[in-house]
Every structure is written in C-alpha cells, then in structure tokens.
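Structure, as structure tokens:
The values are calculated or read from the model by the stated rules, or taken from the named source; none is laboratory data. Keep in mind that what you see is a predicted model, and the values were worked out from it rather than measured. Note: ideal-geometry Cβ built from the backbone for every residue, glycine included; neighbour counts use all protein chains shown.
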Amino acid sequence: MKQKEHNKCCLCGSTDVADTGYKLRDSKELKVLRCNNCSLVFLSSFEHIYKDFYKNGKMHSPNFQPERWLVASNTDDTRRFESLKSRIKGKSVLDFGCGAGGFLIKAKEIADVYGVEQQEALSEFFIKNKLNVYPTLESIDKKFDVITMFHVLEHLRDPETMIEQLLNFLNDNGELIIEVPNEDDALLSLYKCRAFANFTHWRCHLFCFNKKTLKNLVNKCNAKINYIKPIQRFGLANHLYWIFKGEKGGHLKWTFFNKLDCVYKNLLKILGKSDTLMISLSNIKD
Ligand SMILES: [Zn+2]
C-alpha cells in the first residue's frame, strides 16, 4: 500500500520541499526530503513507524541480542558517561530510550538511575542487570534532575511533543540532554560522499537535524537552551575510507590515522561539520 507522503516541511510548514536524491539503506519506497526554507531533512513518510514498531523490536534483526548491543554501544556509552559524570553525580537520572542500558549501567555507580525503553524483549535483561526501566513515560510518577535522550529524537514522529513531555519530568534546575546525529556531518555537507549518504539515511531516522533545525525545533517547545555542543565520533580513517572505498569501518582498518584524530576531530567541530550534536535544555522559570 502506498504511504501518504509529506507535501510540506514538518518543522516550518514551507511547501518548498525537494527530494535530496539520497537513497535509504533499507527502503526503496521512502525518499529523503530537504526543506529549502529551513534546511530540515526528513523522510517522505512516517507511516511505516506505527504505534508498536519499537515495542515489537522492529528496529533490530530477529536474532538481536542485548549483550551484543552493549558491546557495540560501549564507546558511546563511555564517552557520554565521562562527559556527564560531574553533572549526574548524586542526582536522579532518567535515560529515555535507553536501549540495552549501557549508559545506565555505568551511571548507576554514581547516580540514582532509571530508564524508559519500549522494547519488550529487553525486560528480562533489565531485571538481570538490576535496572529500573519503565516501558513508557506514562508509568512514571517521579521527577528527575537529569534526563538524557541519546539518538532517539530523530526516530520520533512528533519530537516537539516528546521534548515538552520530558521537560515536565524535570525537577527545578533540571536538565534535559539530547544527542542526535548531525546532518551537517562533513561526509555529507563538505565531502558530499554519496556512498555515506545512501548508508546513513534509513527508515528509522524520520528527521535528520543540523544545529539550525535542532534549535528551531527546541524554540517551539518553550525551553531554555543551556548549550549546543558539537561532538565528533568518527575520525580521519573512517572518513577517508568512506571517500576512497565507499564503505564503513575504516576506523577499524586504517588505524594508523588515529594519531591525527585529535586535531582532525577538533577541526570539524570548529567548522560546524561534526557528526553529532548535543543540546542541553531547561525549563524557563516564571
Ligand atoms: Zn522547513
């Protein structure tokens, strides 16, 4: 059945929307659109993400194992924990869309931690790892000092409402920290690497934000922006491999470039071409 397609921008409402020509790695039907007015990139339809899509574990392959997810996310979980540990020490923390709980497992050593994860298949794993994880936000009756949401916002059909709901779960002086992939990633905006573009866009990323569109979204939510921080996850080896070989995994193969990564990653952050953005929000005080 043909899905209903967007005929205007999901953020600014402009009808000046064009096909980027990028392919999705896992769908032939969907298109990647860009708004010529505000630069938001989004999928041509969101209908494939139906109500229980994530609850039923449809993001993963059928033989998915949480232990393997933890191994795969360990570098990111460690980076997030190290960068936020002074902020969360002794505080109550909620990680919304916590996946296999990699960040929570580290954070529970220094904070009172909770998670929200829809995926039913993970519930036994959470019990085994002594993690308090709720299936939905609606089942929570407390507030938190810090709420984190790592690489979740771009999956949501209505990110604006979700930000507003999460802000309601913050204590006074609480902070909502959101991390998303950056559509201004150097591989896309600087090197125009088609192989990467056709890989990084996929059916679960309904939105692809950059600094400007992320700010525009948040400004609709009546929140105060504390900071927006560029983060560069991948280094020079990964980028050169994409450019010359058209494939992922260069950071595991051309490791001799790692010595240059400190300078290279910093340069991309300065240029506004990092692969990741982190934004911190608080409630506006009356
Ligand atoms: Zn727009």
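Could you identify the single residue in PHE81, PHE64, PHE53 that is on the phi < 0 side of the Ramachandran plot, touching a residue at least 40 places away in the same chain (Cβ under 8 Å) and of a type outside the set (Val, Ile, Thr)?
Going through PHE81, PHE64, PHE53 in turn, just one is on the phi < 0 side of the Ramachandran plot, touching a residue at least 40 places away in the same chain (Cβ under 8 Å) and of a type outside the set (Val, Ile, Thr): PHE64.
Considering only segment 235-256, state which residues are small (Gly, Ala, Ser) and in contact (Cβ under 8 Å) with a residue 12 or more places away in the chain. Walk me through it before giving the result.
So the first thing to find is which residues in segment 235-256 are small (Gly, Ala, Ser), and the list is 235, 237, 246, 249-250.
The answer is GLY235, ALA237, GLY246, GLY250.
Select from segment 5-22 the residues that are away from the ligand (no atom under 12 Å from the Cβ) and more than 20 Å from the chain's Cα centre (by Cα) and list them in ascending order.
Just the residues of segment 5-22 that are away from the ligand (no atom under 12 Å from the Cβ), to begin with: 5, 7, 19-22.
Across segment 5-22, the qualifying residues are GLU5, ASN7, ASP19, THR20, GLY21.
Kindly indicate which of LEU214, LEU240, LEU281, LEU268 is of a type in the set (A, V, I, L, M) and closer than 26 Å to LEU30 by Cβ.
Just a single option satisfies the conditions, and that option is LEU214.
Kindly indicate whether ARG157 is part of a helix (DSSP H, G or I) and in contact (Cβ under 8 Å) with a residue 60 or more places away in the chain. Give the derivation first.
Details: part of a helix (DSSP H, G or I): no; in contact (Cβ under 8 Å) with a residue 60 or more places away in the chain: yes.
Answer is no for this residue.
Hey, can you tell me all the residues within segment 262-277 that are under 20 Å from VAL180 (Cα atoms) and over 18 Å from the mean Cα position of the chain (by Cα)? Please lay out each step first, then the result.
So in segment 262-277, the residues under 20 Å from VAL180 (Cα atoms) come out as 265-277.
LYS265, ASN266, LEU267, LEU268, ILE270, LEU271, listed by residue number.
Taking the criterion of being assigned to a loop (DSSP other than H, G, I, E, B), over 29 Å from GLY174 (Cβ atoms) and in contact with a Ser or Thr (Cβ under 8 Å, 6 or more places away or on another chain), would at least one residue in segment 94-107 satisfy it?
Step one: of segment 94-107, the residues assigned to a loop (DSSP other than H, G, I, E, B) are 97-101.
So of that shortlist, the ones also over 29 Å from GLY174 (Cβ atoms) come out as none.
Checked against the condition, which is being assigned to a loop (DSSP other than H, G, I, E, B), over 29 Å from GLY174 (Cβ atoms) and in contact with a Ser or Thr (Cβ under 8 Å, 6 or more places away or on another chain), segment 94-107 yields no hits at all.
If you scan segment 108-145, which residues turn out to be acidic (Asp, Glu) and in a loop (DSSP other than H, G, I, E, B)?
GLU109, GLU117, ASP141
Within segment 23-60, track down each residue that is closer than 30 Å to ALA121 by Cα and either in contact with a Gly (Cβ under 6 Å, 6 or more places away or on another chain) or within 11 Å of the ligand (Cβ to nearest atom) (or both).
PHE42
Of the residues ALA100, ALA107, only one is of a type in the set (A, V, I, L, M, F, W, C), buried (at least 20 other Cβ atoms within 10 Å of the Cβ) and in contact with a strand residue (DSSP E or B) (Cβ under 6 Å, 6 or more places away or on another chain); which?
Result of the check over ALA100, ALA107: ALA107.
Got a sec? Which of PHE64, PHE81, PHE53 is aromatic (Phe, Trp, Tyr) and crowded, with 18+ Cβ neighbours inside 10 Å?
On the way: PHE64 fails: crowded, with 18+ Cβ neighbours inside 10 Å; PHE53 fails: crowded, with 18+ Cβ neighbours inside 10 Å.
Result: PHE81 is the single residue among PHE64, PHE81, PHE53 that is aromatic (Phe, Trp, Tyr) and crowded, with 18+ Cβ neighbours inside 10 Å.
Can you pull out every residue in segment 124-146 that is buried (at least 19 other Cβ atoms within 10 Å of the Cβ) and over 26 Å from GLU67 (Cβ atoms)?
Those that are buried (at least 19 other Cβ atoms within 10 Å of the Cβ) and over 26 Å from GLU67 (Cβ atoms): PHE144, ASP145, VAL146.
For (1) modelled with pLDDT of 95 or more; (2) within 15 Å of the chain's Cα centre (by Cα); (3) part of a loop (DSSP other than H, G, I, E, B), each residue gets a yes or a no:
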| site | (1), (2), (3) |
| --- | --- |
| GLU183 | yes, yes, yes |
| ALA197 | yes, no, no |
| LEU217 | yes, yes, no |
| PRO230 | yes, yes, no |
| LEU240 | yes, no, no |
| ILE243 | yes, no, no |
| LEU252 | no, no, no |
| LEU260 | yes, no, no |
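Looking at segment 84-97, which of the residues that are crowded, with 17+ Cβ neighbours inside 10 Å and of a type in the set (D, E, K, R) is farthest from ILE140 (Cα to Cα)?
LYS91
Please go through segment 195-221 and give me each residue that is of a type in the set (D, E, K, R) and in contact with a Lys or Arg (Cβ under 9 Å, 6 or more places away or on another chain), ordered by number.
Of everything in segment 195-221, just one residue is of a type in the set (D, E, K, R) and in contact with a Lys or Arg (Cβ under 9 Å, 6 or more places away or on another chain), namely ARG203.
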